[in-house]
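Student: What follows is a single structure, and I will ask about it in a moment.
The values are calculated or read from the model by the stated rules, or taken from the named source; none is laboratory data. Not measured: the values here are computed from a predicted model. Cβ coordinates were reconstructed from backbone atoms using ideal geometry, including for glycine residues, and neighbour counts include every protein chain displayed.
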Amino acid sequence: MSRKNIILAIETSCDETAVALIDENKKMLANIVASQIKIHQKFGGVVPEIASRHHLEQVNRLITLALEEANITLADLQAVAVTYGPGLVGALLVGVSTAKALAYSLNVPLIGINHIEGHVYANWIEHDDIEFPFVCLIVSGGHTTLVIMQGHGKYELLGRTQDDAVGEAYDKVARAMGLGYPGGPIIDKLAREGDPKAINFPRAWLGEDSYDFSFSGVKTSVLNYLNRASLKGEEIKKEDVAASFQASVVEVLVEKVIKAAKSRNMKTIALAGGVAANSALRETLQERCAKEGLRLIYPSLEYCTDNGAMIACASYFRYREGKRSDWHLNAVPNLKLV
């Protein structure tokens, strides 16, 4: 059977069903995402059972739409890639089962991709000149990790969150303020109207030489502030709370990643993950990188949140290196990057 050199990638780790197609020149032929945000908003967060059901309803439809958009057929695929962790186990199983069935029926290789690694590889979708090694800050709803990427698939862990991930802290603070879900984009927008110095929320540095993170403390500090103000009948300026909270979080993230780059003599810093879309983080880190003579790269907004293109891009490099998964590939909800 004659095939075109195209990989189909499936992403179903949380609440976005996504399918993408990438060719042998790393050109993205299709990138389709079915969002569940409106479905989960009324619950204030993702409901795993509902997310899994939505993936079941959408994944085959998205595969068909992607093939139509790229003007190819299943017979043109050379491999099928899929996120197998970390994430919600039920959601992951939908993608993994679909990918295994598709790859087996087409007699093509199966490539399992770590979701966190997919976020890192989102930087390669639009950048071709990334040189190793570099420092990468991975920030999302479930992960806050600082690594040095030594080469494709090679990571050195510098630090990770000891409690709440930064995106999780945003969601919890937004919920306490009655702002809705997801909290990150809402707080980011509201913070632009507030004073970041209005309230002195704590910064968790965790020691002079630590690259680990902790956001549970600042989250609790915000909740205590809101409760005290409510009990005293004081006016709560939500824009000031949002701006002050965000300033605390961004300062810690920026200073730690800059320190890591300088101490290890790195010339490039990369951002990855959903929180990489945060405007304050991008702008502050860009300013600090310019001051320190460092290069900063990050994906376009559409590639920061969960999408199939990032999984496709990761699988592109994995496939070229001759790495494949076997038919025992399964969902691993607590899968680590390093």
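Student: What's the number of the only condition in (1) of a type outside the set (Val, Ile, Thr); (2) assigned to a helix (DSSP H, G or I); (3) closer than 20 Å to LEU137 by Cα that GLU208 fails to meet?
Tutor: For GLU208, the failing item is (2).
Student: What pairs come up if the first residue lies in the range 317-337 and is closer than 17 Å to GLY95 by Cβ, the second is among the polar types (S, T, N, Q), and their beta carbons are under 6 Å apart, counting only those six or more places apart or on different chains?
Tutor: LEU335/ASN114
Student: Exactly one of (1) more than 15 Å from the chain's Cα centre (by Cα); (2) under 20 Å from HIS127 (Cβ atoms) is unmet by ALA243. Its number?
Tutor: (2)
Student: Quick one: would you say LEU146 is within 14 Å of the chain's Cα centre (by Cα) and assigned to a strand (DSSP E or B)?
Tutor: Values: within 14 Å of the chain's Cα centre (by Cα): yes; assigned to a strand (DSSP E or B): yes.
Yes: the conditions hold for LEU146.
Student: Ok, one more. Condition (residue is polar (S, T, N, Q), at pLDDT 95 or above and either in a loop (DSSP other than H, G, I, E, B) or in contact with a His (Cβ under 7 Å, 6 or more places away or on another chain) (or both)) applied to the range 197-204: is it met by at least one residue? It would help to see each step written out before you state the result.
Tutor: Step one: filter the range 197-204 for residues polar (S, T, N, Q), giving 200.
Those still in the list that are at pLDDT 95 or above too: 200.
With either in a loop (DSSP other than H, G, I, E, B) or in contact with a His (Cβ under 7 Å, 6 or more places away or on another chain) (or both) added as a condition, the list becomes 200.
The answer is yes, given that some residue of the range 197-204 is polar (S, T, N, Q), at pLDDT 95 or above and either in a loop (DSSP other than H, G, I, E, B) or in contact with a His (Cβ under 7 Å, 6 or more places away or on another chain) (or both).
Student: Could I ask something else about it? Inspect the range 156-169 for any residue being outside any loop (DSSP other than H, G, I, E, B), out of contact with any Gly (no Cβ under 8 Å at 6 or more places or on another chain), touching a residue at least 12 places away in the same chain (Cβ under 8 Å) and loosely packed, with under 15 Cβ neighbours inside 10 Å and give the result as yes or no.
Tutor: Within the range 156-169 (the criterion being outside any loop (DSSP other than H, G, I, E, B), out of contact with any Gly (no Cβ under 8 Å at 6 or more places or on another chain), touching a residue at least 12 places away in the same chain (Cβ under 8 Å) and loosely packed, with under 15 Cβ neighbours inside 10 Å), the answer is yes, since at least one residue qualifies.
Student: Here's another thing I want to ask about it. Tell me the residue from ILE258, ILE311 that is assigned to a helix (DSSP H, G or I), closer than 20 Å to ALA81 by Cα and under 22 Å from the mean Cα position of the chain (by Cα), please. Outline the logic, then answer.
Tutor: Working: ILE258 fails: closer than 20 Å to ALA81 by Cα.
Exactly one of ILE258, ILE311 is assigned to a helix (DSSP H, G or I), closer than 20 Å to ALA81 by Cα and under 22 Å from the mean Cα position of the chain (by Cα), namely ILE311.
Student: If you don't mind, there's one more thing I want to ask. Just need a number here: residues in the range 57-95 that are in a helix (DSSP H, G or I) and farther than 22 Å from ILE39 by Cβ. Reasoning before the result, please.
Tutor: Residues of the range 57-95 in a helix (DSSP H, G or I): 57-70, 74-76, 89-95.
Among the residues that remain, those that are also farther than 22 Å from ILE39 by Cβ are: 67-70, 74-76.
Within the range 57-95, residues that are in a helix (DSSP H, G or I) and farther than 22 Å from ILE39 by Cβ number 7.
Okay, residues lined up against (1) modelled with pLDDT under 95; (2) buried (at least 21 other Cβ atoms within 10 Å of the Cβ); (3) among the aliphatic types (A, V, I, L, M):
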residue: MET28; (1), (2), (3): no, no, yes
residue: ILE37; (1), (2), (3): yes, no, yes
residue: GLY45; (1), (2), (3): yes, no, no
residue: LEU56; (1), (2), (3): no, no, yes
residue: THR64; (1), (2), (3): no, no, no
residue: GLU69; (1), (2), (3): no, no, no
residue: TYR84; (1), (2), (3): no, yes, no
residue: ALA101; (1), (2), (3): no, no, yes
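Student: Output the residues belonging to the range 117-155 that are surrounded by 23 or more Cβ atoms within 10 Å (Cβ to Cβ), touching a Gly at 6+ places or on another chain (Cβ under 8 Å) and more than 18 Å from ARG282 (Cα to Cα).
Tutor: Selection gives GLU117 alone.
Student: Examine the range 203-210 for a residue that is touching a residue at least 60 places away in the same chain (Cβ under 8 Å), at negative phi and aliphatic (A, V, I, L, M), and state whether such a residue exists. Outline the logic, then answer.
Tutor: As a first pass, look at the range 203-210 and keep what is touching a residue at least 60 places away in the same chain (Cβ under 8 Å): none.
For the range 203-210, residues touching a residue at least 60 places away in the same chain (Cβ under 8 Å), at negative phi and aliphatic (A, V, I, L, M): absent.
Student: While we're looking at this one, here's another question. Answer with yes or no whether ASN265 is at pLDDT 95 or above, surrounded by fewer than 17 Cβ atoms within 10 Å (Cβ to Cβ) and either over 15 Å from CYS136 (Cβ atoms) or of a type in the set (A, V, I, L, M, F, W, C) (or both). Talk me through it step by step, then tell me what you get.
Tutor: Values: at pLDDT 95 or above: yes; surrounded by fewer than 17 Cβ atoms within 10 Å (Cβ to Cβ): yes; either over 15 Å from CYS136 (Cβ atoms) or of a type in the set (A, V, I, L, M, F, W, C) (or both): yes.
For ASN265, the condition - at pLDDT 95 or above, surrounded by fewer than 17 Cβ atoms within 10 Å (Cβ to Cβ) and either over 15 Å from CYS136 (Cβ atoms) or of a type in the set (A, V, I, L, M, F, W, C) (or both) - is met.
Student: For the range 34-56, indicate whether the set of residues that are part of a strand (DSSP E or B) and touching a strand residue (DSSP E or B) at 6+ places or on another chain (Cβ under 7 Å) is non-empty. First the steps, then the outcome.
Tutor: Taking the range 34-56 as the starting set, the residues that turn out to be part of a strand (DSSP E or B) are 34-35.
With touching a strand residue (DSSP E or B) at 6+ places or on another chain (Cβ under 7 Å) added as a condition, the list becomes 34-35.
Yes, because at least one residue in the range 34-56 is part of a strand (DSSP E or B) and touching a strand residue (DSSP E or B) at 6+ places or on another chain (Cβ under 7 Å).
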